[in-house]
Amino acid sequence: MKTLLTTEQFKITLQRLAHQLVENHLSFKDTAIIGIQPRGIYLSDRISRMVKEITRAKKIDYGKLDITFYRDDVQARDIQVPNDTDIRFSIENKSVILIDDVLHTGRTIRSAMDALIDYGRPKSVELLVLIDRRFSRELPIQPDYAGHTVDTILTQKVKVYWEEKDGTDEVVLIDKV
Amino acid sequence: MPLSVKHLLGIKELNTQDIEQIFQTADEFKQVLQRPIKKVPTLRDTTIANIFFENSTRTRLSFELAEKRLGADVVNFSASGSSVSKGETLIDTVNNILAMKVDMLVMRHSASGAPWFLANHIDASIVNAGDGTNEHPTQALLDAFSIREKLGDIKGKRVAIIGDIMHSRVALSNIFCLTKLGAHVTVAGPPTLIPKHIESLGVRVEYNVKKALEWCDVANVLRIQLERQHKPLFSTLREYALFYGINKQMLDSLNKKILIMHPGPINRGVEINSDVADSGQSIILGQVENGVAIRMAVIYLLAGKKELE
């Protein structure tokens, strides 16, 4: 097991990501943040809170998207009960920032973009991830903002621990048994 | 598969976890139905046949819409205008449909037990859209879902089911579903329309409709099933309306605002008056809206792993 981000690095990385977003989007007037269920939510919750503090905005359009109905693994489908999708604003003509914790094959993001398009036509879509598993893409999808980039192999798994859920902020790389 | 059953034949076979998962999934599908693009592509690899051996407006349209919104391919079969009139048996009819690579069946049949019979003879998943006077599980699920939407947790809520209980599969499925979820159920109507020993299902019997309304939080009003009665069970429709019909004065005389439900189709002026059916306390059209979401949830949760050939 290898630690990719210690608790301190975790905090600094998140701050850096939030500042990068503000650097590119400034007031967030026409920008929306959307977190991908189930695990991207912890990251998107924190980032949207930080962005709100930095920009001192009264309100930022923030939503959660569940992609269960857009998955591409139809044949070997493991039917799951979906999580909440909660998007209470229109994404029409907004710059959308999709947020997920780990970018691996890119299939989840592909599903998320299809789901998003069914809500309207965003002006642009950007991707923010905490961990980019660099050379394991199965689709041509790359992050616009990445917390930390790692080279991993298929038999490894990246585990992200969150203070709210697991008691600590940490990212580790483990070998799948 | 998250559901404990392979088919949805009756509420009898579902456990409370199944019902809760259906509700949670239906919540999400209800969201999908509010969007401009009311579809998801999740069942685009599934073909579903709706085989209706009995008339229907709501249920049939509701299922068809649910299936299309899930992205599935849909074929419809109604008994009239099919080879059933030439004497083709149920199993032959179904096997012919399945030979065309249909993955799931939604069936309504006039014989109680027909879906169970079929489930023993075919591999595909079956959803019971109503069998004789036995069960109508998706109706009960959407009814309970509608109550939960307006009043919160079903546990402890008082539900009165009023009308032709004896011939009603909606009543039976509702009784099973509500009692499973911990509600208190009273059935009310003329003694000729309430089966003996129905208390053994865990419900109270009340022959005075006004008393039932005073007790309940929600009244589910049933249609008089004229097409199912083979002998006269009350004198006239007008007398039924006078003694057992729900009217506005009765509603207004209660000390609280109860919800009014009806599975449809409504016999206006018989079991329920227009000023009740169209009032602010009626959630009848909301039930219909929820029906599509519930059916989407049921079909989605049943469309599990398929055997790769």
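All of the numbers you see were taken from the coordinates with simple rules; none came from a lab. Note that the coordinates shown come from a computational prediction; the quantities given were computed from them, not determined experimentally. Cβ placement follows ideal geometry from the backbone for every residue including glycine, while neighbour counts extend to all protein chains displayed.
Descriptive notes on the structure:
- Under a model in which nothing but the beta-carbon of Lys, Arg (+1) and Asp, Glu (-1) is charged, the protein assembly as shown shows a dipole of about 800 debye around its Cα centre.
- Taking Cβ atoms as reference points and 12 Å as the exclusive limit, the residues near B:LEU141 contribute a net charge of -1, counting Lys and Arg as +1 and Asp and Glu as -1.
- Taking each of B:LYS38/B:LYS101; A:LYS123/B:LYS68; B:LYS210/B:LYS257; A:LYS59/B:LYS39 in turn, the alpha-carbon distance tops 21 angstrom for B:LYS38/B:LYS101; A:LYS123/B:LYS68; A:LYS59/B:LYS39.
- 0 to 90° range, to nearest 10: angle between helix B:169-180 axis and chain B longest Cα axis: 90 degrees
- Mean shadow area of the protein assembly as shown over all directions, Cα convex hull, nm²: 27.5 nm²
- Antiparallel DSSP beta bridges within segment B:103-214, as percent of all bridges there, nearest 5: 5 percent
- Choice from B:MET100, B:MET296, B:MET250 showing the highest fluctuation, given a GNM over chain B with Cα pairs closer than 10 Å: B:MET100
- A cut-off under 10 angstrom between Cβ atoms defines the neighbours of B:LEU254, and their net charge, with Lys, Arg +1 and Asp, Glu -1, is +1.
- Using distinct alpha-carbon pairs, which all enter the 1/r mean, Kirkwood radius of chain A in Å: 16.7 Å
- Computed [θ] at 222 nm, deg cm²/dmol, chain A (DSSP H ≥ 4; -39,500 (n - 2.57); rounded to nearest 500): -9000 deg cm²/dmol
- 3J(HN,Hα) along segment B:205-222: 10, 9, 8, 9, 5, 4, 4, 4, 5, 5, 7, 8, 9, 9, 10, 9, 9, 9 Hz, from the Karplus curve 6.51 cos²θ - 1.76 cosθ + 1.60 with θ = phi - 60°, whole Hz, x for Gly and Pro.
- Taking A:ASP30, A:ASP132, A:ASP100 as the candidate residues, the one with maximal mean-square fluctuation in a Gaussian network model of chain A, Cα springs under 10 Å, is A:ASP30.
- Farthest toward the positive end of the dipole of the protein assembly as shown, out of A:GLN80, B:ASN267, A:LEU17, is the Cα of B:ASN267, where the dipole comes from beta carbon charges about the Cα centre.
- DSSP bridge pairs, the protein assembly as shown: antiparallel proportion in percent, nearest 5: 15 percent
- Dipole magnitude (debye, nearest 20) for segment B:139-231, charges at Cβ of Lys, Arg, Asp, Glu: 100 debye
- Set of lysines with alpha-carbon distance to A:LYS176 below 21 Å, sequence-local pairs under 8 removed: A:LYS2, A:LYS157, A:LYS159
- Legend: mean number of C-beta atoms from other chains within 10 angstrom of residue C-beta atoms, peptide B:33-41, equals 4.
- Fewest-first ranking of A:ARG56, B:ARG148, B:ARG223, using other Cβ atoms within 10 Å as the exposure measure: A:ARG56, B:ARG148, B:ARG223
- Listed residues B:THR59, B:THR47, B:THR192, most fluctuating in chain B (Gaussian network, C-alpha, under 10 Å): B:THR192
- 9 Å beta-carbon shell around A:ASP84, net charge (K/R +1, D/E -1): -3
- Amide hydrogen neighbours beyond the local backbone of A:ALA32, cut-off 5 Å, H modeled: A:SER95, A:VAL96, A:ILE97
- Folded to 0 to 90 degrees: helix B:137-151 orientation relative to chain B principal axis, Cα: 60 degrees
- For chain A, there are no membrane-span-like helices by this rule, meaning no whole DSSP H stretch whose C-alpha atoms cover at least 20 Å of axis and whose Kyte-Doolittle mean is 1.6 or above; this says nothing about an actual membrane.
- Over segment B:137-287, the alpha carbon radius of gyration divided by the compact-protein estimate 2.2 N^0.38 Å works out to 0.94.
- Counting only alpha carbon atoms, the long axis of helix B:16-32 and the longest principal axis of chain B meet at about 80°.
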